[in-house]
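Some notes on the structure that comes next.
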Amino acid sequence: MAATLNLSRPPDLDSSSSSSAAAADSTSSDTSVSRGLRRRRRRPEAEDPVVAALKYLTEVEAGTPAQGNDELEKHLVSVERVAYSQGLSPEAIAVMLEFAMSLRMGVSPCVRVLKCLLPATMVPHQAVVRAVVWLCVGKLPISTQVLFVKWVLTVFDMIDAKDNLRAIYGFVFSFVTEEDLCPYICHLLYLLTRKECVRLLRVRKLLELQSKLGKQPFLVHLLSLYKVFCPDLVTLSLPSRMRAGFRNHNRPWKSALIAIQKGNAGRVLSDLPLGLGTKEKAGSRKRKLGHMELPTLTPAVQSQTQTSYNKAVVPLAHISSFVQLLENLHLIELPAQMGSLLGSSLALQYLDCVQDESAFLRLNFWLGHALHKEFLFCGHGGASQSSSEEAVQFLERLLSTQHFLQEGFSCTEAFLYKFLNVWDGSLLRPQILGLLSSIPVVPSSCINRLLFEP
Amino acid sequence: MSLSTCRCSEALWMRMDPPPTSQPFSTSAVRTPLLAQRRSRSSRQSYRSYVGTASHLGYTPGFTKRRLTTSRLAPRGRTADEVSPAQLALLAREWQLSYVTPLYRFRHGQLKTYARQLAAFVQSEKQQQGGGPVEAGAGMESTLKVSFTLVAGMAQTEADADTVFIQPHKALWSGWLACVGGDPDYMRSLPEDFVCLPLFCRGGAAWLSPLVEAWFCRTFDCCFGPLEINAVSLQWLAALWTNCRAQAGVQPLKLVWSLPVEPPLEVTYAVHPQDAWELWRSVRRPLRERVDEEEDEDEDGSVGIEEVEGFIKGLQSHFYRHFRLELSAGQLTQVSTALGSAKHGGRLKISNGSYMVTTLTLLTECALLKMPV
């Protein structure tokens, strides 16, 4: 599975190779990267302090003292400032994580960096995998290891693709024997487990641990999940009544993450790589108007037809550039929810080529449902202040999509004909008029009847 | 290969010169570029156009007045024996109604797989939410089992899909998806990958409903929305349930109106079942006499919208005579008889197996009306 998904990734992590070889691999590539960067130092210094900080952190030699290092201090402060205000970009996360986990300047910057690793949008999975590699090298003190695993649990939903993490499931599992790490590793394994990961050897290991540590809740939870997948391998009886599951370990980052997400919530996503979904999980605040939220781009849950032809299918969620799209055009599989395509221009370009009527129908259903629910089915026209901002954003996105595709959707048309009967003429006028311009041409008699009559 | 689309100007398409009336529409369709044609292949006539005017593009404006079924079949009430055990689970519980857009790639043969996936999904979601509510009875299940069962015998036409009943074990929640007597033309117009089960009824613990809906949305790319029962449908239900004299004669017919005064006034109007039956019979008989070729018995045959309206008008005028309150100024919000109860907010209870199919046919129609495409 790791091989097929290897579209554009830094060094391969063959799961059968030993961890030391993998570590050596990464350090060699690391020096080549930094050598390349040093050559480009002739370029004028970037204005952005974060960029400068990242550059410094990439290039600093191993073993440079951290104590009393003003330059380091300055860079760390600027990064922290950005992190706490709006979150770090994926590239920044990758660089910072690499710097911290490689322990290039000792342990204290590592802890500080881990504490401020707050992603703005998503976390690149390659960075997490490399960090796990550094974890395997074994030079980190236990408390830092615990902090790192807690961080992975906190940002788990923001990791863009979990398949590579699942590919190194065995490595992650090997940490379960460390007593301090055990609860957190069990939680991480719980999130990563798929049916093929459940092996007799692993079940035996967990049972062994259980006899040593007693019936710890984290062990029992993981075992019960194994039982759901493979009931024949886990034969012990588990208690049917259990208290609430794993504890949340996100305390150092929780409040900062919530603040960042609230701040980013108003911005419209555009041209972000596919496969990312901003989960607006601002604590327990429920979004009343969830029907206008774009669903996240996930691979289709049921892919049935391809298996008989032995063809490797690439889910659209894994494509991250136009070149990849072109290379895999004949292999792409549509996502589980068609509505998620509206969030990315790359996906829309693919949509242009899709010939499947069912796919369009799905998209029309979702779009029509959202439009109807927001504007037609609500009590009195739904023009309340709180909903209008989201409505404006949604319509803007729909307009830009239709403009991009140079064609309107049929459900928009249907919706408009109904809506114009009840429209008061002033609600969201620019957007509605914009939508009107995309209606396909019809004979003038029909237009008269459908649109112009009051 | 460049996919750069030509950015034409922002001119409104409507301002283009309309084609001369003598030119038939078909030739202008030929001239549209291939791209537009391909996508407009997927543009389907809305559901209303099947029942509205006959125009090719017929998007009938206005969706309030029901122009659909003006007469419904009111079959002879079945005895309790004829209700299968699976259907018994649908009775005597209050359900909250929603409508569902058609499900993509839902296979009735894979119910066991779906049950497992749903159980795993619910569990993982609860973990992520940090344990969720700790309920007094059930607590947090370590292995939540869900069962999907087919409820046979509800499909009326060959286009109907079988009802699916969802029940997690040991959790006080259940739900079912149904399509009873749905419009066969609409069903046939859907591509084969889609299964139309537009009516979704759920009841029980409130925390499980959003999770189940989220799983459905994710797996079958469908959307859920609340289904209200409008006043006309409530009137239909009142008439149909009264029509079933044997079973309905146990409890009074109760109707609740809400009148738009300050403060809002709710009027509960309870009619003795015998009186209701007399009124209903008297409304039906004059109309029945006009159609002499009906050989059905009194309780059988179809019920027309005029009879329903006559029935309700009779009740309202009786009320007016006694209390000088014109009920038609308000809105009918609730109907309940011995056969069941229905509320405007979308709550339904079926107490008796008779007329279950007719009731569900009406509700399936309401759900299909809400389909966006």
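Read the figures in this text as sums done on the coordinates, not as results from a lab. The model shown is predicted, which means the values in this text are computed figures rather than measured ones. With ideal geometry, Cβ positions are generated from the backbone for all residues, glycine too; neighbour counts draw on all protein chains shown.
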Inset, instruction - Fewest Cβ neighbours within 10 Å first, please rank B:Asp162, A:Asp180 accordingly. - result: A:Asp180, B:Asp162
Inset, instruction - Taking the Cβ of each residue in A:Leu361, A:Leu435 as the centre, tally the other Cβ atoms inside 10 Å and list the residues starting with the fewest. - result: A:Leu435, A:Leu361
Legend entry - Relative packing of B:189-198, B:267-276, which averages over residues the other C-beta atoms within 10 Å, highest first: B:189-198, B:267-276
Legend entry - B:Arg188 paired with A:Arg429, simple spin-label distance in nm, labels 7 Å along Cα-to-beta-carbon: 4.7
Legend entry - Relative intensity, log₁₀ I(q)/I(0), of the stretch A:108-267 from a Debye sum that treats every alpha carbon as a point, q = 0.13 Å⁻¹: -0.66
Legend entry - Computed P(r) (all Cα pairs; the stretch B:191-294; 10 Å bins; percent): 11, 25, 24, 24, 15, 2
Inset, instruction - Using every Cα-Cα pair within the stretch B:327-373, state what percent have a distance larger than 18 Å. - result: 40
Inset, instruction - Go ahead and run the numbers for FRET between B:Glu278 and B:Ser328, Cβ-Cβ distance against an R0 of 25 Å, rounding to 0.05. - result: 0.70
Legend entry - Sparse-neighbour loop sites [trypsin sites (Lys or Arg not before Pro); the stretch A:98-143; at most 16 other C-beta within 10 Å; DSSP]: A:Lys139
Inset, instruction - Using the structure shown, select from A:Lys195/B:Lys170; A:Lys150/B:Lys170; A:Lys150/A:Lys262; A:Lys139/A:Lys227; A:Lys139/A:Lys262 the pairs with a Cα to Cα distance greater than 27 angstrom. - result: A:Lys150/B:Lys170; A:Lys139/A:Lys227; A:Lys139/A:Lys262
Legend entry - Cleavage-rule hits (chymotrypsin sites (Phe, Trp or Tyr not before Pro)) in the stretch A:160-193: DSSP loop, at most 13 neighbouring Cβ within 10 angstrom: none
Inset, instruction - Fewest Cβ neighbours within 10 Å first, please rank B:Glu158, A:Glu80 accordingly. - result: B:Glu158, A:Glu80
Inset, instruction - Over 26 Å between C-alpha atoms is what I'm after, so list which of A:Lys162/B:Lys126; B:Lys112/B:Lys370; A:Lys55/A:Lys254; A:Lys215/B:Lys145; A:Lys373/B:Lys112 land there. - result: B:Lys112/B:Lys370; A:Lys55/A:Lys254; A:Lys373/B:Lys112
Inset, instruction - Compute log10 of I(q)/I(0) for the stretch B:170-239 with the Debye formula, placing one identical point scatterer on every Cα and leaving out solvent, at q = 0.12, 0.16, 0.21 Å⁻¹, to two decimals. - result: -0.45, -0.77, -1.09
